[in-house]
Amino acid sequence: MTMTSIKDQIKKLVELQAIDIEIYHLKTDLCDKPDEIEALRENFEAKKARLKQLEDQLKVILVKQKEYEVDLKSKEDTIVKADGQLSQLKTNKEYQAKLLEIENIKADKSLIEEKILLGFDTIDAARKAIETEKTVVSNYEKEFQLKKKEIDDIMAVSSDQLKVKESQRARIAPEVRPDILSRYDRILQHKEGLAIVPVKNRSCGGCFMHLTEQLINQIKMHDEFITCDVCARILYLEDDL
Ligand SMILES: [Zn+2]
């Protein structure tokens, strides 16, 4: 490589930076996207779990309802049997006792009937809730598949762009002096993909810290690389290149 001035090297770095900031954003994006899909998937799983819970609740209610029905049948049988025994009773005392027994069973029976009626309402409500949740799940599944496809597509495009940018970088990078490039790369890694920044309104274009007149003059001299005291990024003057 021929001898190159600081100014030429800065020009190359600015060119490289334009590519590197895109690479940084593309990589950040590609890194975040799988989490977005994962968050959507978790949401979907939560909705499916809610549906499962409602279905399980309904099963419990149906079992209980079945128990009430069996119980009701048994009370009815007992009443029929007791009614049949009435004619065989000899004394009035026995007769009255049996009547009372029958009344008590009838009272129990009517309590069970109330529970069964309430059970029908509960079952109806549970079935409606399940239908609603099924719609929620199926709508969300469509939305999830759509969004996932969208994100997958964006990722495919980003991956492609990243390859382009990386090959552009590989073409320009060798034009920068190796020691300067490695210094630039170090800053790039630690400073959110931004290693060289223009001075804007007498401030650092990276961290916006105000720069002294002396520092700006030093940049103009192009004797050495001047970095921001606060964020350590390399500084340059746009008008100067
Ligand atoms: Zn700075």
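The values are calculated or read from the model by the stated rules, or taken from the named source; none is laboratory data. Please read all numbers here as calculations on a predicted model, not as lab measurements. Cβ placement follows ideal geometry from the backbone for every residue including glycine, while neighbour counts extend to all protein chains displayed.
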Pairing a residue in the stretch 225-239 that is of a type in the set (S, T, N, Q) with any residue that is modelled with pLDDT of 95 or more and more than 8 Å from the ligand (Cβ to nearest atom), where Cβ atoms lie under 9 Å and the two sit 6 or more apart in sequence or on different chains, gives THR227/ILE187; THR227/ILE234
Considering only the stretch 150-163, I want to know if a residue exists there that is under 40 Å from the mean Cα position of the chain (by Cα), of a type in the set (Lys, Arg) and under 30 Å from ASP56 (Cα atoms).
no
Are any of the residues in the stretch 143-163 within 23 Å of THR4 (Cβ to Cβ), touching a residue at least 12 places away in the same chain (Cβ under 8 Å) and more than 14 Å from the ligand (Cβ to nearest atom)? no
With the first residue restricted to the stretch 30-59 and required to be surrounded by 13 or more Cβ atoms within 10 Å (Cβ to Cβ), and the second required to be hydroxyl-bearing (Ser, Thr, Tyr) and part of a helix (DSSP H, G or I), Cβ contacts under 6 Å at 6 or more apart or on different chains are LEU30/SER158; PHE44/TYR140; LYS47/TYR140
Considering every residue within the stretch 170-189, establish whether at least one is part of a helix (DSSP H, G or I), among the aromatic types (Phe, Trp, Tyr) and under 30 Å from ASN43 (Cα atoms). no
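Yes/no matrix, rows are residues, columns are (1) among the small types (Gly, Ala, Ser); (2) farther than 30 Å from ILE37 by Cβ:
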| residue | (1), (2) |
| --- | --- |
| GLU143 | no, no |
| ASP160 | no, no |
| LYS165 | no, no |
| TYR184 | no, yes |
| GLN189 | no, no |
| GLY205 | yes, yes |
| GLU213 | no, yes |
| LYS220 | no, yes |
| CYS228 | no, yes |
Checked the stretch 164-177 for anything touching a residue at least 40 places away in the same chain (Cβ under 8 Å) and small (Gly, Ala, Ser); matches are ALA173
Just one listed residue, out of LEU118, LEU100, is exposed (fewer than 11 other Cβ atoms within 10 Å of the Cβ), without any contact (Cβ under 8 Å) to a residue 12 or more places away in the chain, at negative phi and aliphatic (A, V, I, L, M), and it is LEU100
If we keep only residues of the stretch 193-217 that are under 19 Å from ILE180 (Cα atoms) and either assigned to a strand (DSSP E or B) or touching a Ser or Thr at 6+ places or on another chain (Cβ under 9 Å) (or both), then the residue farthest from the ligand (Cβ to nearest atom) is GLY193
Would you check if ILE19 is closer than 30 Å to GLU114 by Cβ and either touching a residue at least 12 places away in the same chain (Cβ under 8 Å) or hydroxyl-bearing (Ser, Thr, Tyr) (or both)? no
Quiz item: Would you call ARG183 surrounded by 18 or more Cβ atoms within 10 Å (Cβ to Cβ), within 16 Å of the ligand (Cβ to nearest atom) and of a type in the set (D, E, K, R)?
Solution: no
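Each row is one residue, and each column tells you yes or no for (1) within 43 Å of the chain's Cα centre (by Cα); (2) modelled with pLDDT of 95 or more.
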site	(1), (2)
ALA49	yes, yes
LYS52	yes, yes
LYS64	yes, yes
LYS73	no, yes
GLU76	no, yes
LEU86	no, no
LEU89	no, no
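State yes or no: is MET221 more than 16 Å from the ligand (Cβ to nearest atom) and either in contact with a Ser or Thr (Cβ under 6 Å, 6 or more places away or on another chain) or within 18 Å of SER5 (Cβ to Cβ) (or both)?
Details: more than 16 Å from the ligand (Cβ to nearest atom): yes; either in contact with a Ser or Thr (Cβ under 6 Å, 6 or more places away or on another chain) or within 18 Å of SER5 (Cβ to Cβ) (or both): yes.
Here the answer is yes, as MET221 does meet what is asked.
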